[in-house]
Amino acid sequence: MLRALPLPARFSHPARSLLVVLLCSSLPWSAAAAQPATAASAPVLRIQGSNTIGAELGPALVAGLFAQQGLHQVRVENGTAANEQRVVGLDAQGRQVVAEISAHGSSTGFVALQEGKADLAASSRPIKDSEVAALAAQGDLRSPQAEQVIAIDGLAVILHPDNPLRALSLEQLARVFAGEVKTWEELGGRGGAIHLYARDAQSGTFDTFNELVLKPQGKALAATARRYESSGQLSSAVTQDPAGIGFIGLPYVRKAKPLAISSGESQPMPPEPSLVATEDYPLSRRLFFYNPPQQPGPWVKALVEFAHSPDGQKVVAQNGFIAQEVQAVRVEPRPDMPPGYLNLAREAQRLSVNFRFQEGSALLDNKAQRDVERVLAYLREHGKLESSLVLVGFGDPKQDKERSTLLSKLRAMAVRRELAKGGATFREIVGQGDALPVAANNGEEGRIKNRRVEVWVY
């Protein structure tokens with residue numbers, strides 16, 4: 001028998017169309033609907049993976065989706081093991097709807113997808129080539145239908161609040177966490193021996209730190225580092241240790257002191273929201289949901305849509321992460337800025353989004369494709385669709401400086417084409433070549449980050 005889920009009128013039309021079809025007896029919803037509210041119900045959603053996402057953000061997004069669909073008495077409760085939770089709600093007939101969330105590290109999510117034990121993998125780092133290959137039978141996990149950027153986060157390097165140190169470079173960080181720099185005095189501080197705190201090996205937070213900090217410098221984490229599965233516990237431990245240093249996702253900084261970080265020739269940058277939103281901050285990162293693109297279930301589709309929606313992004317911000325909401329921000333003029341760019345900083349505002357590209361390609365990446373619509377929505381709302389836009393392209397160094405400038409302008413032109421489809425017209429398209437790097441150019445990861453397009457509005 002077909003069964004429709006009652007939805008509130010405020011729910012968006014695509015989700016209404018989608019969830020009115022929570023119909024067949026073979027779907028998880030029907031299994032839940034067949035159970036009384038007091039019985040154990042089969043989960044309509046199973047999410048496994050990142051602790052950064054699963055500790056608070058994942059449950060909050062599911063709870064927001066449940067509430068938006070008209071479920072009541074929505075609550076988050078502990079699961080049967082540490083770092084596992086359930087989100088529970090009741091429908092109008094008192095039938096229980098349950099989602100299960102296990103947060104044991106990003107890599108565990110992809111294993112659970114492969115074993116059929118999860119509907120979504122939560123990851124605080126991009127999927128690896130080996131994971132794409134292992135899941136190939138379920139479709140292309142890097143396709144726009146499968147890879148969902150749900151929030152922006154930044155790894156904060158945290159100290160005890162009384163530590164006087166203010167900034168470190170990525171090179172210094174690597175040497176510290178490799179155990180080569182052993183005392184605070186070697187960094188110009190005080191406090192004697194350095195105590196290292198790190199996330200566990202299953203963690204996407206550790207994977208990100210390893211990829212952005214340790215591996216580019218040819219380093220490995222010191223065996224003396226104290227490892228934690230829980231982000232909150234790590235943050236608390238550093239806050240209580242005057243000689244401690246650790247790395248953590250932004251929402252878990254809490255009472256600790258975050259450092260400013262520099263990469264290559266970039267200025268030291270604190271983990272401020274505007275710098276994390278544009279991914280200029282050297283330790284910024286994306287948070288992902290990955291779902292098999294072949295026949296995802298209706299609850300998977302609904303959660304993905306909710307996570308991308310304005311309401312879902314409000315949940316992201318409420319949980320301490322950076323929402324993918326486009327805002328205009330003033331940029332402080334600096335003497336090292338090229339003349340044309342300096343004029344922009346003095347006269348215009350920069351939007352809080354950078355467009356980036358697929359690796360080795362002139363095509364916009366999955367986040368950038370959604371950012372096109374976000375930028376167009378901002379321009380329509382603020383009456384800036386016509387002749388208010390300046391696109392500024394950047395790149396990495398080439399032997400021929402003119403080629404670097406040309407390539408950076410071509411990237412800006414690629415963004416122009418997509419925005420023009422939505423009715424935007426432009427004041428200027430500029431290529432700045434390899435000026436104002438936000439990452440070191442001695443590795444491919446840094447060069448990719450420097451290949452970006454900024455959006456400015458008058």
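Just so it is clear, none of the values below were taken in a lab; they were calculated from the coordinates. Computed from a predicted model, the values in this text were never measured in an experiment. Note that each Cβ is placed from the backbone with ideal geometry, even for glycine, and that neighbours are counted across all protein chains shown.
What the table shows:
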quantity	calculated
Mean separation of Cα contacts under 8 Å (6+ apart) over length of region 265-381, as relative contact order %	20 percent
Highest to lowest packing among 96-103, 367-374, scored as the average C-beta count within 10 Å	96-103, 367-374
Charge dipole of region 202-295 about the Cα centre (unit charges at C-beta), most positive-ward option of Thr224, Ile245, Val213	Thr224
Neighbour-count order for Asp200, Asp336, fewest beta carbons within 10 angstrom listed first	Asp336, Asp200
Size of electric dipole in region 339-418: Cβ of Lys, Arg +1 and of Asp, Glu -1, about Cα centre, debye, nearest 20	60 debye
Relative contact order computed over the chain (Cα-Cα under 8 Å; 6+ residues apart), in percent	15 percent
Charge dipole (the chain, unit charges on Cβ, about Cα centre) - positive-most of Ala103, Ser50, Gly139	Gly139
Separation between Cα centres of region 130-172 and region 378-413, rounded to whole Å	26 Å
Size of electric dipole in the chain: Cβ of Lys, Arg +1 and of Asp, Glu -1, about Cα centre, debye, nearest 20	580 debye
For the chain: Kirkwood Rh in Å [reciprocal of mean 1/r, alpha carbons]	23.3 Å
Percentage, to the nearest whole number, of Cα pairs in region 326-457 over 26 Å apart	17 percent
Paramagnetic reach from Glu180 (point 7 Å along Cα→Cβ, amide N under 18 Å) across region 198-229	209-225
Ordering of 55-66, 142-153 by burial proxy (mean other Cβ atoms within 10 Å per residue, highest first)	55-66, 142-153
Where GluC sites (Glu not before Pro) fall in DSSP loop in region 224-330, at most 13 other Cβ within 10 Å	Glu265
Region 429-443 and region 210-241: distance between their alpha carbon centers, rounded to Å	29 Å
Distance from region 283-307 to region 49-92 (C-alpha centre basis), Å	15 Å
Cβ crowding within 10 Å averaged over residues, with 171-178, 440-447, 42-49 ranked highest first	42-49, 171-178, 440-447
